[in-house]
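Scroll down for the structure; my scribbles are underneath it.
Values in this text are rule-based calculations from the coordinates and carry no lab data. Please read all numbers here as calculations on a predicted model, not as lab measurements. Glycine gets a Cβ as well: all are built from the backbone with ideal geometry, and neighbour counts include every protein chain shown.
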Amino acid sequence: MDEDTNNNSLIIVPKRVERIKLHERISHAVNALGFLLAAGTGLVLFYKGLKKLSGGTRSRQLHRVGAALMISAPFFVWGKDWQGWKKTWREITYFSKEDREFLKRAPMYMLGFPVKMPPQGKFNAGQKMNFLMVTFNSAGFVLTGGLLMLRRHLPEKAFPYLIIAHDIQAIVGICGFMAHAYLALLHPDTRPSFRAVIDGTVPVEYALGHHALWSESQKHKLD
Amino acid sequence: MQYAKLIDISKCVGCRACEVACKEWNETGIDDPKEHPFGYQSHEDLTYRTWNVVKFFELGNKKSDLIVNKTDQFNENLETDHTKDKLLFQYDALLGPEPGNLIETNLGSESELESEEINYSVWQVTKFFNQNTNITNQHEIPKWMFRKHGCMHCTEAACIKACPVDALTRNNELGYVRLNVSTCTGCGYCVDACPFDVPKLDSGAIWGFGKVSKCRLCSDRIQHNKQPACVQSCPPNALEFGLRSEMVKLGQNRIDDLKERGYKDAYLYGENELGGLNVLTVLPSKPKDFDLPENPKVPEYLNTWKKVVQPLGVLAIAGTALMLGFSFVNNLLQGSKKGDSH
Ligand code: HEM
Ligand code: SF4
Ligand code: SF4
Ligand code: SF4
C-alpha cells in the first residue's frame, strides 16, 4: 500500500526523524576529520613506538592541515545559523535534574551493564559533556598549538608549559573521542544514532527511547 | 676509545679558518647574514648552514678607563731617580702574562720628550712605574678573545632526550652525537632543550617545513682516521683532536700553565660538564665571560614531559581502549543473557 494514502485503519508515521541539520553535519564531519588527522600525526611525536610513521616533516605538515580543519569546523554552524547555534549552546550548557542523574549512571552504562537511564532532551547529558569538552579543548588546542608554533617569539620558559598542556589536552581529547566513537559505532544500544551525523536522521523508536523529552516536543512533526 | 676536540681559546687568533673548512668539507653552503654583528664575528650565532661560529669577546672597557695612580713617592722618586716628571712610557700592563697587552700612557707631550732627548729604556721606565704607580682597574684592560662555538657532543645530551623520533643518537664508542637528517621531523624540540643553543632549524616552527642541523664532529672523517676539518685547518693549533683522555691531559697542562701566568680563573670546560663533553675548551677566565653556562644542565622539564606526562598519556589511552573493549564484550554477554531469559 502506498504510504501517502490516508487510510484510517493504519497509523502511518515516518520511520526516521531528522535530528541534525546539514550544516551541522558538515561541521561535525570536518571537525572529526581534522581531529583524527591532528591526533594521528600528533601521536607520532608523542609515542616512540610510532616514530617510524613520521615521514620526516610530513606528519607535522598534516598536523597543521588537521588543525586548520578543526578551526574551520565551527564556522559552518556559526556562519549558517547563528541563532540556531545560540539555542544549541543554551541547551548544551543547561543540566537538568534528569541530566545529573544520567551522569551518575553513565559510568555503569559505559561499562556495558544494563542501566535504566532517565529521559533526556535533544542532547543527553553525556553528549552535552562531550560537546563542552570538545569546545573547550578545541579552543585550548588553538591556544597551546598556536603558541607552540610561535614559540620562537616567546620567552624560552613558555615551551615546557605549552607542550605539556598540549599533551594533556591531547590525552583528554583522544580518550573522549574514543568513548564518543565507541558509542556511535559499536555500542549496540546507541549505534543507531550514528546515521544522525550522516543523513541527519535517527529511527523514531530510537528517538523515543533515547531522547524521550525531545521526542515529546517534536510530536507535532510526527503527526 | 672516545675521542674529543680541544679548543684552546688562549691560542685562537680568530682567523675563522675553521668556519671555512667546516663549510667546505660539509658543503653546508653560505648564508650571508644580512646584518653583521658587532666586532670580529661573521655570524651573530650558529645557523642551519654554519655549524661553527668563532665568537668574538671584548672583555673589559676602553683603555682610557685605565686609571694610573701615582703613589705618594712618585714625584719624590722621580726627582731622585729620573729627574723628569714627564715621559712617555710603555708599560706591559701589569700585565699581561700574555704579551700584547701593552698600554701606552702619555704623561707628557711627545715633542717635549723628544726635545729634551730623554731616552730611558723601556725596562727602566717599566721598573719605575711598577714601583711608583698602582693601576686601579686593571681588570678593565681590554682583551679580544675568540671562542669557536658549536656542538659540544655531550655525554648527557639534552637534545637526544628531547628528540621524539631518535633522529639524534650518540656514538658512545667514538664519542659524538650524530643527527640523522632523514628521520628528523624538524619539530625543534632539540633546539629548545640544548643548553648550548646549538641545533638550528632552517625555518621557523610555524609551517612544519624544514629540519635541524648541527656539527657532526666530522664523523665521516674521524672514522677514516682523519682529523675533523676545522681542527686540521687551524693555523696556530688552537684546535686539537685525539683520544679524549689525552685531550683532557693536554687541556689540564695548559690550564696549569695559564694559572702560573696569572690567569687564576683558567678552567678546562667540558671535563665533567654533562657527564663529560667531547669538545673541551681551555678558558682563560670564567665560562660566563665566553657565553658558556657555568653549570649546564639537561632541562628538568624533559623528565616531566617525557617520563611522566607521555607515559601516563599512553596508559590513559590504552586504559580507555581496554575499558571500551570490556564494555563491548560485556554488552554482548548481557544481550545473550536477555535472550536466554525469554
Ligand atoms: C588548533 C589545533 C592544533 C594546533 C595549532 C597544534 C599545533 C601543534 C604544534 C605546533 C605541535 C608541536 C610540534 C610541531 O611543531 O608540529 C603539536 C604537537 C602535538 N599535537 Fe597538536 N595542534 C593542534 C591540535 C591537536 C590535536 C587536536 C591533537 C590531538 C588530539 C594534537 C596532538 C598533538 C600531539 C600529541 C603533539 C605532540 C606533542 C609531543 O611531542 O609530546 N594537537 N601540535
Ligand atoms: S651541545 Fe646541544 S646539540 Fe650538541 S650534543 Fe649537547 S645537547 Fe646535543
Ligand atoms: S628537530 Fe629533528 S633532531 Fe631535533 S628533536 Fe625534532 S626530530 Fe629530533
Ligand atoms: S668537527 Fe667538522 S662538522 Fe664540526 S665544526 Fe669542525 S669541521 Fe664542522
Counting other Cβ atoms within 10 Å, which trypsin sites (Lys or Arg not before Pro) in segment A:69-124 have at most 10 and lie in a DSSP loop? A:Lys116
What ³J(HN,Hα) values, in whole Hz, does the Karplus curve 6.51 cos²θ - 1.76 cosθ + 1.60 give for segment A:171-187 when θ = phi - 60°, with x put for Gly and Pro? 5, 4, x, 5, 4, x, 4, 4, 5, 4, 5, 4, 5, 7, 10, 10, 5
Just to confirm the number: angle between the C-alpha axis of helix A:97-110 and the first principal axis of chain A, 0 to 90 degrees, nearest 10? 70 degrees
So for A:Tyr161, A:Tyr47, B:Tyr269, fewest C-beta neighbours within 10 Å to most, what's the order? A:Tyr161, A:Tyr47, B:Tyr269
For segment B:3-20, what does the Karplus curve 6.51 cos²θ - 1.76 cosθ + 1.60, with θ = phi - 60°, yield as ³J(HN,Hα) per residue in whole Hz, taken in order and with x for Gly and Pro? 9, 8, 9, 10, 10, 9, 6, 6, 10, 5, 9, x, 7, 6, 4, 5, 4, 5
Suppose every K and R has +1 on its Cβ and every D and E has -1 on its Cβ; what is the size of the dipole of segment A:92-207 about the Cα centre, in Debye to the nearest 20? 180 debye
Residue separation between B:Phe209 and B:Val329 times 0.36 nm, minus their alpha-carbon distance, gives in nm 38.8 nm
I'd like the distance separating the alpha-carbon centroids of segment A:160-208 and segment A:88-132, in whole Å. 13 Å
Please arrange B:Phe56, B:Phe38, A:Phe141 by how many other C-beta atoms lie within 10 Å of their C-beta, fewest to most. B:Phe38, B:Phe56, A:Phe141
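Arrange the following residues from fewest to most other Cβ atoms within 10 Å of their Cβ: B:His224, A:His153, A:His23. Could you put the intermediate results ahead of the total?
Details: B:His224 8, A:His153 11, A:His23 16.
With the sparsest Cβ surroundings first, the list reads B:His224, A:His153, A:His23.
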What does the C-alpha gyration tensor say about the overall shape of segment A:76-157? Classify as rounded when a/c is under 1.5, otherwise prolate if a/b is larger than b/c, or oblate. oblate
What's the Cα-based Rg to Rh of chain A, Rh via Kirkwood? 1.05
Under the rule of at least 5 residues apart or a separate chain, name every residue whose amide H is placed under 5 Å from the amide H of B:Lys5. B:Val279, B:Leu280
